[in-house]
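Bear in mind that the values in this text are calculations on the coordinates, not laboratory data. All figures in this text were calculated on a predicted structure; none of them were measured in a lab. Cβ coordinates were reconstructed from backbone atoms using ideal geometry, including for glycine residues, and neighbour counts include every protein chain displayed.
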Amino acid sequence: MKIIMLGAPGAGKGTQAKMIAEKYGIPHVSTGDIFRANIKNGTELGMEAKKYMDQGLLVPDELTVKILLDRVAQADCAEGYVLDGFPRTIPQAEVLDEALNRLGEKIDCAINVDVPDENIVKRMSGRRACLKCGATYHIEHIPPKREGICDSCESELVLRDDDKPETVQNRLKVYHDQTQPLIEFYTGKGVLKTVDGTADMQDVFAAITAILG
Ligand code: ADP
Ligand code: AMP
């Protein structure tokens with residue numbers, strides 16, 4: 001099963017993608033997590049990506065497409081995957097489509113997690129992330145058991161630099177300009193499903209599993 005998560009930054013794509021990955025036994029592939037891991041390890045890719053991420057801009061397609069295609073070519077992706085944060089532009093979606101076509105494969109479902117802009121800034125300022133294992137929490141809605149500490153790996157939780165309100169506004173603009181057109185792209189392919197992302201996370205997940213079966 002090959003699934004794409006669509007939606008504004010902070011809509012809950014990562015939260016739902018992790019739950020999907022666990023239920024269906026497929027890897028959760030997040031380009032944002034891959035970039036953050038590279039930044040943490042001080043790689044050249046990380047340093048380059050950081051320039052864009054800190055401003056709320058997209059990392060150029062050439063860089064992003066390569067890391068994504070390398071990742072999904074790994075053995076654990078053979079039975080499928082859930083993509084979170086990729087594609088984010090029409091050219092990225094087209095490259096993915098061509099790569100899948102060559103293998104005689106296709107995306108089974110693109111899930112659009114719909115959350116209005118008004119809710120997004122609040123979601124992002126409350127998000128706390130574990131940069132070690134990728135877990136995410138929300139200080140009000142999905143708090144960790146111990147304040148500031150990751151439940152899974154006990155590392156310190158942080159407010160991501162790009163979750164500060166001034167950067168979030170940029171990211172929302174970039175989303176509307178460059179990523180939202182993908183809703184039409186996948187509607188045209190007959191695979192788009194929209195869920196109400198403002199609901200409680202378990203209710204959002206129930207709506208998704210009703211779609212995926
Ligand atoms: P995305 O991957 O789309 O950027 P996240 O999954 O990281 O978004 O979610 C953004 C923030 O909103 C996180 O702090 C997360 O804990 C919180 N969140 C996710 N889903 C819900 C929900 N259904 N209701 C309330 N808060 C949520
Ligand atoms: P995310 O963790 O998905 O919110 O992504 C964080 C940041 O990483 C984004 O704001 C972009 O700067 C960058 N990024 C992640 N995925 C992509 C992508 N598919 N294309 C371009 N930039 C990306």
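Say R0 is 35 Å: what FRET efficiency, to the nearest 0.05, do MET47 and ALA210 get from their beta-carbon distance?
Numbers: r = 43 Å, r/R0 = 1.22.
About 0.25, to the nearest 0.05.
Could you run the Karplus curve 6.51 cos²θ - 1.76 cosθ + 1.60 with θ = phi - 60° over region 51-68 and give me ³J(HN,Hα) per residue in whole Hz, x for Gly and Pro?
Working through the residues one at a time gives 4, 7, 4, 4, 9, x, 9, 7, 5, x, 3, 4, 5, 5, 4, 5, 5, 5 Hz.
Grab the Cα-Cα distance for GLN74 and GLU98, subtract it from 0.36 nm times how many residues apart they are, and report the gain in nm with one decimal.
On the way: separation 24, 0.36 × 24 = 8.64 nm, distance 1.77 nm.
This chain segment gains 6.9 nm when fully extended.
Taking amide H atoms as placed 1.01 Å from N in the peptide plane, list the residues 5 or more away in sequence, or in a different chain, whose amide H sits under 5 Å from that of ILE149.
Amide H to amide H, under 5 Å and 5 or more residues apart or across chains, ILE149 pairs with LEU157.
Taking just the alpha carbons, could you work out the radius of gyration and Dmax for region 54-213, both in angstroms?
Rg, Dmax (Cα atoms, Å): 16.9, 48.
Enumerate the amide H contacts of SER30 below 5 Å, restricted to partners 5 or more residues apart or on another chain; note that Pro and chain-start residues carry no placed amide H.
For SER30, the qualifying residues are ASP84.
If you bin the C-alpha pair distances of region 131-198 every 5 Å from 0, what whole percents do you get?
In whole percents, the pair-distance histogram is 4, 13, 15, 15, 16, 16, 13, 7, 2, 0.
Among 166-173, 9-16, what's the highest-first ranking by average C-beta atoms within 10 angstrom per residue? All intermediate terms of the calculation are to be shown ahead of the outcome.
Working: 166-173: 16.2, 9-16: 24.9.
Result, highest mean Cβ count within 10 Å first: 9-16, 166-173.
To one decimal place, what Kirkwood hydrodynamic radius in Å is obtained for region 36-94 from all pairs of distinct Cα atoms?
After inverting the pairwise mean of 1/r, the radius is 12.5 Å.
Give me a comma-separated list of calculated 3J(HN,Hα) values for region 94-108, in order, Karplus coefficients 6.51, -1.76, 1.60 applied at θ = phi - 60°, integers in Hz, x for any Gly or Pro.
5, 5, 4, 4, 5, 4, 5, 3, 4, 8, x, 10, 7, 6, 7
Could you rank the peptides 141-153, 76-88 by their average count of other C-beta atoms within 10 Å per residue, with the highest value first?
On the way: 141-153: 13.5, 76-88: 19.7.
Most protected by this proxy first, the peptides run 76-88, 141-153.
By how many nm would the segment from SER152 to ILE90 lengthen if fully extended, with 0.36 nm per residue of separation less the alpha-carbon distance?
Working: separation 62, 0.36 × 62 = 22.32 nm, distance 3.52 nm.
Roughly 18.8 nm would be gained on extension.
Does region 93-162 come out rounded, prolate or oblate, given a ≥ b ≥ c as the square roots of the eigenvalues of its C-alpha gyration tensor, rounded meaning a/c under 1.5 and, failing that, prolate meaning a/b above b/c?
Numbers: a/c = 3.09, a/b = 1.87, b/c = 1.65.
Prolate is the answer for region 93-162, as a/c is 1.5 or above and a/b outweighs b/c.
What list of ³J(HN,Hα) values in whole Hz, one per residue of region 126-131 in order, does the Karplus curve 6.51 cos²θ - 1.76 cosθ + 1.60 (θ = phi - 60°) give from phi, with Gly and Pro shown as x?
x, 6, 10, 10, 9, 7
With r defined as the distance between the Cβ atoms of LYS66 and ASP108 and R0 fixed at 25 Å, what FRET efficiency is calculated, to the nearest 0.05? Each step should come with its number before you reach the end.
Values: r = 24 Å, r/R0 = 0.95.
Efficiency computed from Cβ-Cβ geometry: 0.60.
Name the long-range amide H neighbours of ARG160: under 5 Å, sequence gap of 5 or more, or other chain; modelled H, no Pro or chain starts.
Sorted by chain and number, the residues that satisfy this are ALA129.
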